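First up is the structure itself, then whatever we jot down about it.
The values are calculated or read from the model by the stated rules, or taken from the named source; none is laboratory data. Source: prediction; values computed, not measured. Neighbour counts are summed over all protein chains in view; Cβ atoms, including those assigned to glycine, are modelled from backbone coordinates with ideal geometry.
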Amino acid sequence: MRKAAGRAMDALVDTLAMEVCPTASAADRTVVCRYVRDTVEVMPDYLRLGFCWLAVMFDWWSLPLRGGRFHRLDQAQRQAQVGAWRTSRLGFRRSMIAFYATFTAFGLYSQVQDDDGIETDKVAA
C-alpha cells in the first residue's frame, strides 16, 4: 500500500504545487513531494494510516469517472478531480485536499537556500 499511497500523494502534491505556483520547476515540485511524503511518514500510526488510505482511495476514485487512476491522468483531469473534492459536500474530502494543499504551499515557499541564494533539495521544517 505504501507504493500506491506514495504515487497518489506525489501526483496530488504535484498538481497542487502547479496550482499554487505554476512557475515552480519539476525539481522544486519533487522536493515538495518528498517533503509531504516524509511528513506523512512521521505521523502517528492512527493518522498516517488514515492519510495513506485516503490517498489510495483518492487515486482509485477517478477510475470509473475518468478511465484511469489519478496518478495516470493528465493535468487537466487531475485539476478537475482536485476541484471536485475541494468543493465536495463530504467533509473528509475537503479536509484531505486542504491538508495536502497546506503542506504543499508550505513546502514550496519554505525551500532552504544556500549562501549563494540557490535553493537546495530541502524544506525548512
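At a glance:
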quantity	calculated
Some residue of region 79-94 being touching an Asp or Glu at 6+ places or on another chain (Cβ under 8 Å), at pLDDT 95 or above, over 18 Å from K3 (Cβ atoms) and surrounded by 12 or more Cβ atoms within 10 Å (Cβ to Cβ)	yes
Filter result for T30 (among the β-branched types (V, I, T) and at pLDDT below 95)	yes
Top-ranked residue of region 51-87 - restricted to ones that are farther than 13 Å from L12 by Cβ and assigned to a loop (DSSP other than H, G, I, E, B), ranked as nearest to the chain's Cα centre (by Cα)	D74
